[in-house]
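Everything below concerns the one structure shown next.
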Amino acid sequence: MLAIILAGGQGSRLGKLTKSTAKPAVPFGGRYRIIDFTLSNCANSGISTVGVITQYQPLELNAHIGNGSSWGLDDQMGGVTVLQPFSSTEGEKFFEGTAHAIYQNIEYIDQQNPKYLLVLSGDHIYKMDYRAMLEYHKAKKASLTVGVIPVSTEEAKRFGMMNTDETDRIIEFEEKPAHPKSNKASMGIYIFNWETLRNYLTTSFSTNKKLEDFGKNVIPMYLANNESAYAYSFEGYWRDVGTIKSLWQANMEFLSPYNSLNIGDHNWRINSKAQVLPPMYLTPTSNINNSMVVDSCYVAGEVDHSILSQRVSVGEGSKVVDSMIMPGATIGKNVVIDHALVGEEAVIGDDAVVKGTVDDIAVVGYGEVLGVKKS
Amino acid sequence: MRHNTVSAIINLVEPWEKLEPLTLDRPVGTLPFGGRYRLIDFPLSSITNAGIQNVMIVSPRSGRSVADHLRSGNDWNLDTIRGGLFNFPYNDLSLIAPQKKETLIHHYYDNTILFLKRSSSEYTVVMGTRNICNIDLKALLRYHQERDNPVTTVYKSIDASETEPDASVLQLTSNGMATAILPADSENVTPNENHKYAKSLKIFLMSTIDLIDILKEANERGDLISLEDLMLQAVMQHNANAFEYTGFYANIHNIESYYNANMSILKEDNFRSLLYTQRRIFTKVKNEIPTFFARSSHVKGSLCGTGGYIEGKIDHSVIFRNVFVNRNSEIKDSVIMQGTRIGAGSKIEYAILDKNVVIGPNLQLKGTPEKPIVIGKGQRIFQQKEVANV
């Protein structure tokens, strides 16, 4: 089975945080980036060949993934390949949608010659053994299996919903329905029989070019053609972190020692690019409660129910509450940060106040400088 | 620095007896230090930062803990196509059986000579691990090249009052050359007019050809003499350049000095000058989760590694990775190594707890600054009376 991670999303709903980085490369949980969860799941599921399709701001993602060795994906036989759009003799290969992105990388996939193609999103927080899903796909003799997770009626309005029969066969697909008929939301995880999908894609793109997106076009097409499509139910922790609110929320959940994601589980490690940094330094005036702190942080102030990522410094007299601070951010003295996401390398000058609410999380952008006097 | 201009030898055959039980199953060079490092990380990082790619590690015993820490050398950028790390075990003469010793006469330095010949490097630097520093070896090379003497050695200027009697100090001439390295209490050595001693950091730089000659001569004489002693002889026999190192420095020779060195990097200035300069300190990377500080925790004035779970109070201590501190416990002025667990309500003061120690609930472990209490690797203590026997 070959895994393709769709890491192309510009993440425009994350606003200032993704101005110069792709959404999957957004920092999460103190020492991770969002894509670490999917990459680790692949490695832990014994998938040694992974293609990562990217389109916007690939620099940070490329630097992060490197040769894949941080996840044990620097395999002699396979490994991680970052796939980017390029201009070929037939024209520029930019991606119009998820299925189009797969089609544009058909040469890479053919090279691997997989029987099954696992298509994943690079922007979800979860742990999942894809082998179990493949077993299910084989047992059902399916042509397509879609990972689904139960959601409330309210949430269902922002997901693609799968309506199934009693054998879990998908009979109908509704994108963001006003009146959902089921609670099975698509997780953006698909297993395809590659030969079948390949036929559909090549036929479509040589004729009507309609199969641009999996949700919008491919799944409806599969259903219309009576392909055997099944829903595979997942019951663990899963979060889409595509908005400021959901990103903040998932970070706050991650902070809880009772989070069912269970990050400390040694049987399913989530790996990240390891960096050599000094240990965290907590001064005699520091006070940290109910918080996560990682290497190379410097804390002279107060940190309460918050996450500090690598190389974050918090000056004396400052207070960080209910917030997530991304790598390299510098917080001056007597600063108040409350209900906020602070972007990488941001600089917050002395006495500044960054205050949001649960419904309106304050955001300081990537590299943004706030309230620092120019000398 | 041009490729292979300089090779390096890190000599881990260093006195370890006074550091027991911390050195029972590791050489001094793999002693954990400063929250996430091993002593060998400091010379190795200096080597990496100078662009040196050809490194010989001389291990006293099997070198298991050395190989486990260094692996391919990737974490120090030393897994290159050319050069790299070469680990040579079983070099502690005091641990070699008499019959085996017989066969080593005239051959003890064969491997080192071979390593140096193959390195095709112009110069070789020889360092140990018990003098913690962050030295610019490029500057040392320039200093050496600008002068005519065959050997350059390194010192740190320290107050006479800070010198322990058996410390090695350089005897400097008025024009700044070293003529000898002697114990500080030797009658031939006196501090300078500012009451400073030139404490030897046991770092030596010389041309590779000269070093090969020295080793060959030692082989021919049939001397079974340690590399460090050979280097000291080289300084005595030639006029040596004396290069002054001015950064953070700590010497590890017994439990108290090991403890004090850890405590000294809790001072922010020392922490920054050792670990936060342009010359980074590299170490084996591990994939730990963030450290969680519970609502009840209160940690200040301390260094802390990742992967920890802290419920208790910690003040002025060095806490390594993956340490678990239960509620209502108190840790003060202590060094707690990787994987150690502290039971609820226990109080630890002036202590060194080696890796994977387990301290049960409601115990008191109290040493003094002069004599910190030491719990050996993997020990489990659940009764107060066991503490007394340590």
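The values are calculated or read from the model by the stated rules, or taken from the named source; none is laboratory data. None of the values given here were measured: they were computed from a predicted structure. All Cβ positions, glycine included, derive from the backbone under ideal geometry; neighbour counts span all protein chains shown. Keep in mind that these areas ignore ligands, DNA and RNA; they rest on the heavy atoms of the full protein, side chains included. Shrake-Rupley method; radii C 1.70, N 1.55, O 1.52, S 1.80 Å.
A few comments on the model shown:
- Size descriptors for chain A: radius of gyration and Dmax over Cα atoms are 21.7, 70 Å.
- On the beta carbon distance between residue A:202 and residue A:138, with R0 = 25 Å, the FRET formula returns roughly 0.55.
- Among B:290-297, A:346-353, A:222-229, the order from most to least packed when residues are scored by Cβ within 10 Å on average: B:290-297, A:346-353, A:222-229
- Shielding by other protein chains, B:304-316, mean Cβ within 10 Å: 3
- The alpha-carbon of residue B:196 sits under 19 angstrom from the alpha-carbons of these aspartates and glutamates, leaving out residues fewer than 8 places away in its chain: B:159, B:162, B:164, B:166, B:185, B:187, B:244.
- Gain in span if fully extended, residue A:167 to residue A:179, counting 0.36 nm per residue against the direct Cα distance: 2.0 nm
- Förster-model FRET efficiency, 22 Å R0, residue B:17 and residue B:90, C-beta, rounded to 0.05: 0.75
- If the segment from residue B:79 to residue B:159 were pulled out straight at 0.36 nm per residue, it would be longer than the present Cα-Cα gap by 24.7 nm.
- Couplings for segment B:178-186, taken from phi via the Karplus curve 6.51 cos²θ - 1.76 cosθ + 1.60 with θ = phi - 60°, read 9, 10, 6, 10, 9, x, 4, 8, 5 Hz in order; Gly and Pro are left as x.
- Three-way shape label, segment B:292-388, alpha-carbon gyration tensor, a/c 1.5: rounded
- Residues listed by number, segment A:304-322, amide nitrogen under 17 Å from residue B:272 label point at 7 Å toward C-beta: A:311-317
- Under 28 Å from residue B:202, Cα to Cα: lysines that are on another chain or at least 8 residues apart: B:18, B:101, B:117, B:138, B:156, B:216, B:267, B:284, B:371
- A compact globular protein would have a Cα radius of gyration near 2.2 N^0.38 Å; the ratio found for chain B is 1.02.
- For residue B:107, the solvent-accessible surface with a 1.4 Å probe is about 100 Å², rounded to the nearest 10.
- Distance between the modelled labels on residue B:254 and residue A:285, one decimal in nanometres: 3.9 nm (7 Å Cα→Cβ projection).
- Helix-only CD estimate at 222 nm, as mean residue ellipticity for chain B, using -39500 (n - 2.57) per DSSP H run (n ≥ 4): -6500 deg cm²/dmol
- If you plug the beta carbon distance of residue B:285 and residue A:235 into 1/(1 + (r/R0)^6) with R0 = 30 Å, you get a FRET efficiency near 0.35.
- Set of lysines near residue B:286 by C-alpha distance (under 23 Å), chain-local residues within fewer than 8 positions excluded: A:127, A:273, B:355, B:377
- Taken as Cα centroids, segment B:32-72 and segment A:184-201 sit 49 Å apart, rounded to the nearest whole angstrom.
- Antiparallel content of DSSP bridges confined to chain A, in %, to 5: 35
- Loop-located GluC sites (Glu not before Pro) in segment A:85-180 (DSSP state other than H, G, I, E, B) with a sparse environment of at most 13 neighbouring Cβ atoms within 10 Å: A:90, A:96, A:166.
- In this simple spin-label model, placing a label point 7 Å from the Cα along the Cα-to-Cβ direction at both residue B:106 and residue A:94 gives a separation of 7.8 nm.
- Lys, Arg +1 and Asp, Glu -1 on Cβ, resulting dipole of the protein assembly as shown about Cα centre, debye, nearest 20: 840
- Segment A:278-333-segment A:98-129 distance, computed between alpha-carbon centres (Å): 38
- Solvent exposure of residue A:165, expressed as accessible area, is near 50 Å², computed with a probe of 1.4 Å over the protein chains only.
- Viscosity 0.692 mPa s, temperature 37 °C, Stokes-Einstein D of the protein assembly as shown from Kirkwood C-alpha radius, µm²/s: 113
- Beta bridges per DSSP, both residues in segment B:292-388: antiparallel share near 0 percent.
- Solvent-accessible area per residue in segment B:6-275 equals 41 Å², computed with a 1.4 angstrom probe and all protein chains kept.
- Note on residue B:246 and residue B:146: the model spin-label points, each 7 Å out from Cα along the C-beta direction, lie 1.3 nm apart.
- Segment B:102-158 and segment A:1-71: distance between their alpha carbon centers, rounded to Å: 44
- For segment B:6-275, the share of DSSP beta bridges that are antiparallel, to the nearest 5, is 55%.
- Counting only other chain Cβ atoms within 10 Å of each residue's Cβ, the peptide B:297-303 averages 6.
- Full extension of the chain between residue A:111 and residue A:154 yields a length gain of 11.2 nm, computed as 0.36 nm times the residue separation minus the alpha carbon distance.
- The loop-placed GluC sites (Glu not before Pro) in segment B:114-177, going by DSSP, that have at most 15 neighbouring Cβ atoms within 10 Å of their Cβ come out as B:122, B:146.
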